1. Which lysines have a Cα lying under 26 Å from the Cα of K107, excluding residues fewer than 8 positions away in the same chain?
2. Taking the Cα centre of region 194-261 as origin, sum charge times position over the Cβ atoms of Lys and Arg (+1) and Asp and Glu (-1), and report the length of that vector in debye to the nearest 20.
3. Could you give me D for region 168-303, from Stokes-Einstein at 25 °C and 0.890 mPa s, where the hydrodynamic radius is the Kirkwood radius over C-alpha pairs? Units µm² s⁻¹, please.
4. So if I take the centroid of the Cα atoms in region 92-155 and the same for region 283-303, what is the distance between those two points in Å?
5. What spacing in nm lies between the two simple spin-label points modelled at A233 and S196, each 7 Å away from Cα in the Cβ direction?
6. Magnitude of the Cβ-charge dipole of region 259-303, K/R +1 and D/E -1, about the Cα centre, nearest 20 debye?
7. I'd like to compare 107-114, 274-281: which one has the highest average count of other Cβ atoms within 10 Å, and what's the full order after that?
8. Starting from a Cα-only point model with no solvent, please compute log10 I(q)/I(0) by Debye for region 97-155 at q = 0.19, 0.27 1/Å.
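The values are calculated or read from the model by the stated rules, or taken from the named source; none is laboratory data. Just so you know, these numbers come straight off a predicted model, no measurement behind them. Here the Cβ is made from the backbone with ideal geometry for all residues, glycine too, and neighbour counts use every protein chain on show. Side chains are part of the model used for accessible areas, which takes the heavy atoms of the whole protein and leaves out ligands, DNA and RNA. Shrake-Rupley method; radii C 1.70, N 1.55, O 1.52, S 1.80 Å.
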Amino acid sequence: MRTAGAALSALSLVGVAALAGCSSGDSGDGVSRSAPAASSPSVSPSPSASAGSGWNPSPGSVAAVGDSITRGFDACSVLADCPEVSWATGSDSLVRSLAVRLLGASKAADRSWNHAVSGARMVQLPEQMALAAKERPELVTVMMGANDACRNSVRLMTPVADFRASFEASMRQLRAGAPEAQVYVSSVPDLKRLWSTGRLNETGKKIWELGICQSMLADADDLGPAAVARRDAVQDRVVAYNEVLRNVCAKDRHCRYDGGAVFGFRFTGAQLSQWDWFHPSRDGQARLAEIAYRNITAAEPPA
């Protein structure tokens, strides 16, 4: 594995344009870090999971939309997408993506599609949904919103009303082409928790200074009133975005929100990229896959 110093040097040379959009708060490292086998659920959900509900816990195809988290950004190498480790549709055996858990590895290769784009914000989701609808998937996964809060300043964060309008437009776009597709919506990660975890690593803080999610991560060690107020403003906006995701999803009979599971997940240093100490690592991607699989195959939606 390259050293953290080499990663910092590479970031300085390549630039930080891809990192400025945080895509969803966490990222992956190049280490072949496996998820504990014991914690991985079986591929086939229990038939009882669908009893008494219209939700199908065994969809036969999966399309993913979202941002850099769903593209596996910085999970395999610096400043690069790595879709093979995507929590939603990846093929990596150490991650065991949602598609692999639901369909098995061979079927997932032919029956899953990844339309996520690193750096994307909610305003770009309708276009991704249109592409997903063309696949006629039985399940669409959505993880979007971190880049709307991860801006160069609090002032530039996407207004909540605009966030809602774009998400509603996205659902209409999907329904126009795939009216019966199920939708699983992940909450936006807790960016403040990622700051509190990543700031314990000195190399990580130096990398953040190159321009990653400045609304939350700028001056990582500053605990003065202004810095605290800035981070709280970002946190409040993420909470508001998640409420929008919950409310809009609740109006669609084929949509299931994760109940705040991703927002509430406590990422550790092992689950953050050693390239940027922000995006999910392979291990972090595996945890996201576990959360999604558990919620999709549950008899009842998360509270």
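1. Straight-line reach from K107, under 26 Å: K134.
2. My answer is approximately 340 debye.
3. Answer from the Stokes-Einstein relation: 149 µm²/s.
4. About 15 Å separates the Cα centre of region 92-155 from the one of region 283-303.
5. Modelled inter-label distance: 2.1 nm.
6. It works out to roughly 60 debye.
7. Most protected by this proxy first, the peptides run 274-281, 107-114.
8. With one equal scatterer per Cα and no solvent, log10 I(q)/I(0) is -0.76, -1.13.
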